[in-house]
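Student: My questions will all concern the structure given below.
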Amino acid sequence: MIVAHLDLDAFFAAVEELEDPSLKTKPLVVGGNPHGRGVVATANYVAREFGIHSAMSCAEALRRCPEAMFLEPRHSLYRDYSRAVWDSVRGIVPTVERTGLDEGYLDLGEVAPDFLRARELAEAVQTAVRGTTNLTCSLGVAPSKVVAKVASDSRKPGGITVVRPGRESAFLAPLAVRKLPGVGPRSAERLSTSGIETVGSLAALSDEELRALLPGKVGRLLRDRARGIDPRELETQSERISISHEETFARDVSERERLHDELRRMADRLADHLRRDGQSARTVTTKLRYGDFSIRTRSITLDVAVDDAQTIGDLACRLLDRALADRPGALRLVGVGLKGLDWHRQLTLA
């Protein structure tokens, strides 16, 4: 298997710079209101020099860089650019799994006999993306998805990193354990308290040590990934493009009725988007951010894809109730996301 992970560099900010070239030399943040409770969606590389990064509060970004420019996301514009990017990619590599507007996996093994040719294809993909949209992208090429994803982040912006078979463990070993996909803040904290700071240290854990630190399937999965083991194939039956909407409140909200109302309003907007594009979704996710910035998500995957606001709203509210039962508290943000999008809408009975 030869797979590449493609990641567009600072995508939202890069698009805004193309639309207004004067922004290229200025610290630019795409996200919410810096005087409210918004969150950074992305920042250009000038802003990143001030330590600004995705998921940081916009208020903190403003403190770090008072002269930064803040723009609200323009998702319809980003979708147009994304569509052009992936059309150009498919002209070189036919089999693609899109995991977002700005990233996805490419089946290079389908068109490249070896890793030397795979690198040449990765360069051709970069040239095609740049020629079509003037955007830059970074690619990681590896024998598995997890290694390819980590590799794509190692030489940004505009780099190509190739990890050949047999070199996966050596490539991953020195990296901070948080760099491994699937290791969240809580897992990283638990590992750190036991002196596990690098991916190599996680990979070296014995079965007994692993059970004590990360019991169950998750622990075994993460250790396999730390060793470069990832048997997942590309998922192309229904491209995993996700759409979502979220709301940050001016003050933390605990009233369940208001939270439900917000989720149903988001469900209406997402359903309109699905119907406009002739799509339906199989997975509904509700996102919660508490006052301490900790995040919880709950998801449900259906047997049949849906596109109606009532069903999406009902599921989102049920998932919210589940999450709050596990951890009660006032919320700073709620959101609804849809995944497993199908371009051919299912027929439903009236």
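The values are calculated or read from the model by the stated rules, or taken from the named source; none is laboratory data. Given the structure is predicted, the values throughout are model-derived calculations rather than measurements. Backbone-built Cβ (ideal geometry, glycine too); neighbour counts: all protein chains shown. Remember, those area values only see protein heavy atoms, side chains included, never the ligands or the DNA or RNA. Shrake-Rupley method; radii C 1.70, N 1.55, O 1.52, S 1.80 Å.
Student: Under the condition of being closer than 30 Å to Pro94 by Cβ and of a type in the set (Phe, Trp, Tyr), which residue from the stretch 1-59 is surrounded by the most Cβ atoms within 10 Å (Cβ to Cβ)?
Tutor: Looking at the filtered set, the residue picked out is Phe12.
Student: Oh, and also: Please determine whether any residue of the stretch 292-301 is within 24 Å of Ala55 (Cα to Cα), at pLDDT below 90, open to solvent by 50 Å² or more (accessible area, probe 1.4 Å) and of a type in the set (Asp, Glu).
Tutor: Among the residues of the stretch 292-301, at least one is within 24 Å of Ala55 (Cα to Cα), at pLDDT below 90, open to solvent by 50 Å² or more (accessible area, probe 1.4 Å) and of a type in the set (Asp, Glu), which makes the answer yes.
Student: Residue check: is Arg227 in contact with a strand residue (DSSP E or B) (Cβ under 9 Å, 6 or more places away or on another chain) and open to solvent by 20 Å² or more (accessible area, probe 1.4 Å)?
Tutor: no
Student: Going through the stretch 190-229 one residue at a time, which ones are assigned to a loop (DSSP other than H, G, I, E, B) and touching a Pro at 6+ places or on another chain (Cβ under 9 Å)?
Tutor: Correct list: Gly228 only.
Student: Could I ask something else about it? Out of curiosity, is Ser88 open to solvent by 30 Å² or more (accessible area, probe 1.4 Å), in a helix (DSSP H, G or I), out of contact with any His (no Cβ under 7 Å at 6 or more places or on another chain) and modelled with pLDDT under 95?
Tutor: No, not satisfied.
Student: Would the stretch 298-307 turn up any residue that is free of Cβ contacts under 8 Å to residues at least 40 places away in the same chain, closer than 24 Å to Gly32 by Cα and not in a loop (DSSP other than H, G, I, E, B)?
Tutor: Yes - at least one qualifying residue is present in the stretch 298-307.
Student: Can you pull out every residue in the stretch 127-148 that is under 14 Å from Leu108 (Cβ atoms) and either in contact with a strand residue (DSSP E or B) (Cβ under 6 Å, 6 or more places away or on another chain) or open to solvent by less than 20 Å² (accessible area, probe 1.4 Å) (or both)?
Tutor: Selection gives Leu139, Gly140, Val141, Ala142, Ser144, Lys145, Val147, Ala148.
Student: Can you find a residue that is at pLDDT below 95, of a type in the set (Asp, Glu) and farther than 30 Å from Asp252 by Cα anywhere in the stretch 99-106?
Tutor: Yes, because at least one residue in the stretch 99-106 is at pLDDT below 95, of a type in the set (Asp, Glu) and farther than 30 Å from Asp252 by Cα.
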